[in-house]
Amino acid sequence: MSVLPDAPAMTGWRNVEKAVARRSTYPEQTETPPSMCPLAMSDKTPCTDVRLDGRTAFLDPESKTDALFWVFTYRDEKAAAAAHRALWKNFYSHILREDPTQVDLENIGDERFAGRGNHPVFGRSTMSLIRVGTTLLGINTSHSRTELPDKQLTALAAMFAERAQQALDGKTPSAVTAAG
């Protein structure tokens, strides 16, 4: 799961959750940390079809914004595309419930959704879900008072999508961003 950003990819950010990658055990959620697939979804197919999942997290010391990066892999693009739509519907309608707005991620990846809203626990939050081939990439950011600027979110999303494409092309992911 070298797709997940590492310290060199996240200039100015501090790694606060070591990268974890494993075969998905959804819905048991016995692993720590648990999968990012939501247990409350009525349509569990996007989660049961996950082959591998992984996550890592960073903190921007200056703004105190945290960024959780997660990745799911699927057997084919059809399964990944169906999961992309179902997961976004769940995230946007259930997690970003209050004051939701969409964010334009330009043409990053094969499919993309991004939005921000008031998360009931984490304050002002931004969620992004990007599909690159058979891979779904998620970026969740939160800060109690401010939100990650669109330009910075787009830079993080572009870096993550490029890392996924590099991996799908058989290359070692090396994309970086000056997101700090």
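Summary of computed values
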quantity	calculated
Cα centroid of segment 141-165 to Cα centroid of segment 6-24, whole Å	14
Calculated from backbone phi, Karplus (6.51, -1.76, 1.60) coupling profile of segment 61-76 in Hz, x at Gly/Pro	x, 6, 8, 6, 7, 9, 9, 9, 9, 9, 9, 10, 10, 10, 5, 8
Cα-Cα separations in segment 110-179 greater than 19 Å, expressed as whole percent	37
Under 18 Å from LYS89, Cα to Cα: lysines that are on another chain or at least 8 residues apart	LYS44, LYS78
Set of lysines near LYS64 by C-alpha distance (under 20 Å), chain-local residues within fewer than 8 positions excluded	LYS18, LYS151
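Bear in mind that the values in this text are calculations on the coordinates, not laboratory data. Since the model is a prediction, treat every value here as computed from it, not as a measurement.
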